[in-house]
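First comes the structure, then the notes that go with it.
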Amino acid sequence: MKTYFFTTLFLIVCSSITAQSEEDQIKTALNKYIEGTSYNYTEMIMEAFYKEANLFLSHKEKPIWIVPAAEYASWFEKKEEGKFNGRVGNILSIDQENDIAMAKAEILSKGKNIRYVDIFLLKKIEGNWKIISKAATRTK
(Lines give C-alpha, C1' and ligand atoms only; values in the text may rest on other atoms or scores of the structure.)
Protein backbone atom coordinates (compact mmCIF):
# COMPACT_ATOMS: atom_id res chain seq x y z
CA MET A 1 0.00 0.00 0.00
CA LYS A 2 2.82 2.43 0.86
CA THR A 3 4.51 1.66 -2.46
CA TYR A 4 1.32 2.50 -4.35
CA PHE A 5 0.94 5.78 -2.44
CA PHE A 6 4.54 6.87 -3.06
CA THR A 7 4.39 5.82 -6.73
CA THR A 8 1.20 7.85 -7.20
CA LEU A 9 2.71 10.81 -5.36
CA PHE A 10 5.87 10.58 -7.48
CA LEU A 11 3.82 10.56 -10.71
CA ILE A 12 1.81 13.58 -9.58
CA VAL A 13 4.97 15.51 -8.70
CA CYS A 14 6.63 14.57 -12.02
CA SER A 15 3.51 15.57 -13.93
CA SER A 16 3.42 18.90 -12.11
CA ILE A 17 7.11 19.57 -12.82
CA THR A 18 6.65 18.71 -16.51
CA ALA A 19 3.59 20.97 -16.79
CA GLN A 20 5.48 23.83 -15.18
CA SER A 21 8.42 23.18 -17.44
CA GLU A 22 6.17 23.35 -20.52
CA GLU A 23 4.64 26.63 -19.32
CA ASP A 24 8.12 28.02 -18.69
CA GLN A 25 9.15 27.06 -22.22
CA ILE A 26 6.04 28.73 -23.64
CA LYS A 27 6.83 31.87 -21.63
CA THR A 28 10.38 31.77 -23.02
CA ALA A 29 9.03 31.86 -26.60
CA LEU A 30 6.62 34.67 -25.76
CA ASN A 31 9.31 36.65 -23.94
CA LYS A 32 11.60 36.36 -26.98
CA TYR A 33 8.83 38.06 -28.94
CA ILE A 34 8.23 40.68 -26.22
CA GLU A 35 11.90 41.48 -25.62
CA GLY A 36 12.76 41.35 -29.30
CA THR A 37 10.03 43.83 -30.20
CA SER A 38 10.85 46.07 -27.21
CA TYR A 39 14.57 46.32 -27.99
CA ASN A 40 14.58 45.88 -31.79
CA TYR A 41 16.24 42.43 -31.76
CA THR A 42 15.19 41.07 -35.15
CA GLU A 43 16.87 37.69 -34.67
CA MET A 44 15.20 37.21 -31.28
CA ILE A 45 11.81 37.99 -32.82
CA MET A 46 12.43 35.36 -35.52
CA GLU A 47 13.52 32.81 -32.87
CA ALA A 48 10.08 33.15 -31.29
CA PHE A 49 8.22 32.39 -34.53
CA TYR A 50 7.90 29.33 -36.71
CA LYS A 51 9.51 30.39 -40.00
CA GLU A 52 6.22 30.21 -41.94
CA ALA A 53 4.08 31.94 -39.30
CA ASN A 54 1.72 34.73 -40.22
CA LEU A 55 0.45 37.65 -38.18
CA PHE A 56 -3.14 38.81 -38.56
CA LEU A 57 -3.15 42.51 -37.76
CA SER A 58 -5.58 45.41 -37.74
CA HIS A 59 -5.32 48.00 -40.49
CA LYS A 60 -7.48 51.06 -41.01
CA GLU A 61 -7.78 50.39 -44.76
CA LYS A 62 -8.14 46.57 -44.74
CA PRO A 63 -10.52 44.19 -42.98
CA ILE A 64 -7.54 41.94 -42.18
CA TRP A 65 -3.85 42.50 -42.76
CA ILE A 66 -1.79 39.32 -43.09
CA VAL A 67 1.94 39.83 -42.51
CA PRO A 68 4.55 37.04 -42.66
CA ALA A 69 6.70 36.81 -39.51
CA ALA A 70 9.91 37.64 -41.43
CA GLU A 71 8.37 40.83 -42.82
CA TYR A 72 7.10 41.81 -39.36
CA ALA A 73 10.55 41.26 -37.82
CA SER A 74 12.13 43.39 -40.56
CA TRP A 75 10.18 46.42 -39.30
CA PHE A 76 12.45 46.43 -36.24
CA GLU A 77 15.66 46.42 -38.33
CA LYS A 78 15.11 50.10 -39.06
CA LYS A 79 15.51 50.96 -35.38
CA GLU A 80 18.64 50.90 -33.23
CA GLU A 81 19.22 47.35 -31.99
CA GLY A 82 19.28 47.09 -28.19
CA LYS A 83 17.63 50.47 -27.63
CA PHE A 84 14.31 50.40 -25.77
CA ASN A 85 11.59 51.63 -28.13
CA GLY A 86 8.78 52.13 -25.61
CA ARG A 87 6.97 48.79 -26.07
CA VAL A 88 6.17 47.03 -22.79
CA GLY A 89 4.67 43.55 -22.97
CA ASN A 90 2.87 41.52 -20.35
CA ILE A 91 1.69 37.90 -20.68
CA LEU A 92 -1.92 37.77 -19.49
CA SER A 93 -2.71 34.07 -19.89
CA ILE A 94 -1.50 30.73 -21.22
CA ASP A 95 -3.63 27.68 -21.99
CA GLN A 96 -1.61 24.62 -22.98
CA GLU A 97 -2.72 21.15 -24.03
CA ASN A 98 -0.13 18.58 -25.05
CA ASP A 99 1.89 20.18 -27.91
CA ILE A 100 -0.31 23.22 -28.58
CA ALA A 101 -0.96 26.39 -26.61
CA MET A 102 -2.85 29.64 -26.78
CA ALA A 103 -1.61 32.77 -25.05
CA LYS A 104 -2.80 36.33 -24.58
CA ALA A 105 -0.59 39.35 -24.01
CA GLU A 106 -0.94 43.09 -23.85
CA ILE A 107 1.56 45.44 -25.40
CA LEU A 108 1.66 49.02 -24.15
CA SER A 109 3.42 51.73 -26.09
CA LYS A 110 4.85 54.15 -23.54
CA GLY A 111 4.30 57.81 -24.29
CA LYS A 112 1.79 57.07 -27.05
CA ASN A 113 -1.16 55.86 -24.92
CA ILE A 114 -1.57 52.83 -27.21
CA ARG A 115 -2.57 49.35 -26.04
CA TYR A 116 -2.53 46.24 -28.21
CA VAL A 117 -3.94 42.85 -27.28
CA ASP A 118 -2.19 39.92 -28.94
CA ILE A 119 -3.50 36.36 -29.16
CA PHE A 120 -0.85 33.76 -29.97
CA LEU A 121 -1.12 30.17 -31.15
CA LEU A 122 1.96 28.14 -30.27
CA LYS A 123 3.07 24.62 -31.15
CA LYS A 124 5.90 22.51 -29.82
CA ILE A 125 7.99 21.72 -32.88
CA GLU A 126 11.05 19.47 -32.60
CA GLY A 127 11.18 20.08 -28.84
CA ASN A 128 10.82 23.89 -29.00
CA TRP A 129 7.75 26.06 -28.53
CA LYS A 130 7.19 28.39 -31.49
CA ILE A 131 4.55 31.00 -32.26
CA ILE A 132 2.74 29.69 -35.34
CA SER A 133 0.20 32.51 -35.56
CA LYS A 134 -0.58 35.85 -33.95
CA ALA A 135 -3.65 38.06 -34.13
CA ALA A 136 -3.58 41.57 -32.73
CA THR A 137 -5.96 44.43 -32.14
CA ARG A 138 -5.48 47.97 -30.91
CA THR A 139 -7.69 48.89 -27.97
CA LYS A 140 -6.61 52.53 -27.39
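Things worth noting here:
- Span from the segment 103-117 Cα centroid across to the segment 50-87 one, whole angstrom: 14
- Within straight-line reach of K124, meaning a Cα separation under 27 Å, sit the following lysines at least 8 residues removed in sequence or on another chain: K27, K32, K51, K104, K134.
- Accessible-area composition of the chain, carbon plus sulfur, in percent [1.4 Å probe]: 55
- Highest-fluctuation residue, E80, E106, E22 considered, GNM on the chain with Cα pairs under 10 Å: E80
- All-pairs Cα distance distribution in the chain, expressed in whole percent, bin size 5 Å: 2, 10, 17, 20, 18, 12, 7, 4, 3, 3, 2, 1, 0, 0
- Residues of the chain: accessible area per residue with a 1.4 Å probe, Å²: 65
- Between the Cα long axis of helix 2-39 and the first principal axis of the chain there is an angle of about 10°, rounded to the nearest 10.
The values are calculated or read from the model by the stated rules, or taken from the named source; none is laboratory data. Everything numeric here is computed off the predicted structure, so don't read it as measured data. Accessible surface areas use protein heavy atoms only, side chains included; no ligands, DNA or RNA. Shrake-Rupley method; radii C 1.70, N 1.55, O 1.52, S 1.80 Å.
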